[in-house]
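The values are calculated or read from the model by the stated rules, or taken from the named source; none is laboratory data. Note that the structure is a prediction, hence the values are computed from the model and not measured. Methodologically, a virtual Cβ is constructed for each residue, glycine included, from the backbone with ideal geometry; neighbour enumeration extends over all protein chains shown. What goes into the accessible areas is simple: the full protein's heavy atoms, side chains included, and nothing from ligands, DNA or RNA. Shrake-Rupley method; radii C 1.70, N 1.55, O 1.52, S 1.80 Å.
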Amino acid sequence: MTMNRQWTLKRRPQGVPRDDDFELVEGQVPEPGEGEFVTRNLILSVDPAQRGWMDEGGNYFPPIPLGAPVSAGVIGEVIASRNPDFAIGERLYAVGSWSEYSLLGSGFVFRKLPAGGDIPLAKYNSLLGGMGCSALIALRDIGKPRAGETLFISGAAGNMGTLAGQIGKIFGCRVVGSAGTEEKCRYLENELSFDATLNYRTAGDLSAALKGVCPEGIDIYYDNVGGPMLEAVLDNIKLHARIVMNGSIAEYNDTEPRPGPRNLWNLLVKRAFIEGFLLPDFADKIDDALVLLEEWYREGRLDAREDVRTDFAHMPAVFRALFDGSNTGKLMVSLE
Ligand SMILES: NC(=O)c1ccc[n+]([C@@H]2O[C@H](COP(=O)([O-])OP(=O)(O)OC[C@H]3O[C@@H](n4cnc5c(N)ncnc54)[C@H](OP(=O)(O)O)[C@@H]3O)[C@@H](O)[C@H]2O)c1
């Protein structure tokens, strides 16, 4: 009998998740019911957003119930099916969990992967799936970039940040990013052609540091971090600036409510806006976005870095890499 190991949520984390907030449990591989199918998971995604799903309040997803597997993006191969649309052997990208096997229905599937394609599997997690679509659609449809405008990106060396930065360059923007180490800043400038960077950990006064790298002000802010950087950006926005709220990783482990930016008034002064982004609101744009992302990837204009781990036995420690900044690309665990 094949067994299925799954990481479950044992306790709601307080602050940065600890090992004992989770439990690795073993059970039988489920049998598909009518309309369902089972995947053997090849890649498990490790995403900052999962931290929010672990909290009592939940957010745009209901909270993960205690004792339930930790919800996660997965790339899996169908091994049993009672759904005519999903044949054994097909590979897909779906919402599953940190599990060796997942029981799924068609509503969980984001996309099928081409059979026998030449693109590495991990790219479908870092670039040619929900991540790439989010970076492209959020920047293009909310940020509305125009050539010559200044695009500032926080969390710039992360998966979303590097994608948004490269896409910003394709649209002809002057691209500036913040990251937490000098090595990450050099990578952004030397490998990804960012026009300027700042190390937010050593910058001191963030508002003044931003003025240094964006002397004419910021037209578009692609916000991955929230926290104090948002206030600093609001001090530096230009007339009709657009702020795309893509994520707030600086706040995900807060245990107390954080004071909001003290300078929201600047939105009125500059007739600017902040808009939150979630991909399901743009479902009708996903197919076209996937085609465009693959085209740019094949042309060598857009790529992602992956940080593929193999330590499924230590998922909580892998997860923490997102919050101490030690991940070196889109974080995921391979089970192949
Ligand atoms: N709206 C959507 O549809 C959507 C989709 C995907 C992701 N997101 C959001 O996008 C953001 C980035 O996700 P990602 O997948 O690209 O993760 P990631 O950037 O690949 O990894 C996380 C990085 O965030 C930085 N970070 C961690 N704690 C921080 C803090 N307190 N202050 C500033 N930076 C911090 C670290 O880099 P440093 O060394 O630079 O600190 C870390 O390496 C997250 O907020 C995520 O929730 C949103």
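Could you sort 109, 176 by accessible area so the largest value comes first, with the probe set to 1.4 Å?
Values: 109 35, 176 0 Å².
Solvent-accessible surface, decreasing: 109, 176.
Could you work out Rg/(2.2 N^0.38 Å) for the chain, with Rg from alpha carbons only? Write down the numbers at each step before the final one.
On the way: Rg = 20.2 Å, N = 336, 2.2 N^0.38 = 20.1 Å.
Its radius of gyration relative to the 2.2 N^0.38 Å reference: 1.01.
Once you order the gyration tensor axes a ≥ b ≥ c over the Cα atoms, which shape class does segment 130-280 get: rounded for a/c under 1.5, otherwise prolate or oblate by comparing a/b with b/c? Can you show the working numbers first?
Values: a/c = 1.17, a/b = 1.10, b/c = 1.06.
Rounded, since a/c falls under 1.5.
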If you average the sequence gap of Cα pairs under 8 Å that are 6 or more apart and divide by the length of segment 102-201, what percent do you get for the contact order?
20 percent
So for segment 51-164, using the alpha carbon gyration tensor with a ≥ b ≥ c as root eigenvalues (a/c under 1.5 gives rounded; past that, a/b versus b/c decides prolate or oblate), I'd call it oblate
Starting from segment 172-217, pick out the GluC sites (Glu not before Pro) whose DSSP state is loop and whose Cβ has at most 16 other Cβ atoms within 10 Å.
191, 216
Hey, what did the chain get for relative contact order, percent, Cα under 8 Å, at least 6 apart?
17 percent
Helix-only mean residue ellipticity at 222 nm for the chain, each DSSP H run of n ≥ 4 adding -39500 (n - 2.57), per residue, nearest 500
-6500 deg cm²/dmol
Set 112/238; 123/285; 10/184; 144/330; 169/211; 10/144 screened for pairs whose C-alpha atoms are more than 31 Å apart:
112/238; 10/184; 10/144
Calc'd 3J(HN,Hα), segment 204-216, phi into Karplus 6.51 cos²θ - 1.76 cosθ + 1.60 (θ = phi - 60°), Hz, glycine/Pro = x, comes to x, 5, 5, 5, 5, 5, 5, 4, x, 8, 10, x, 8
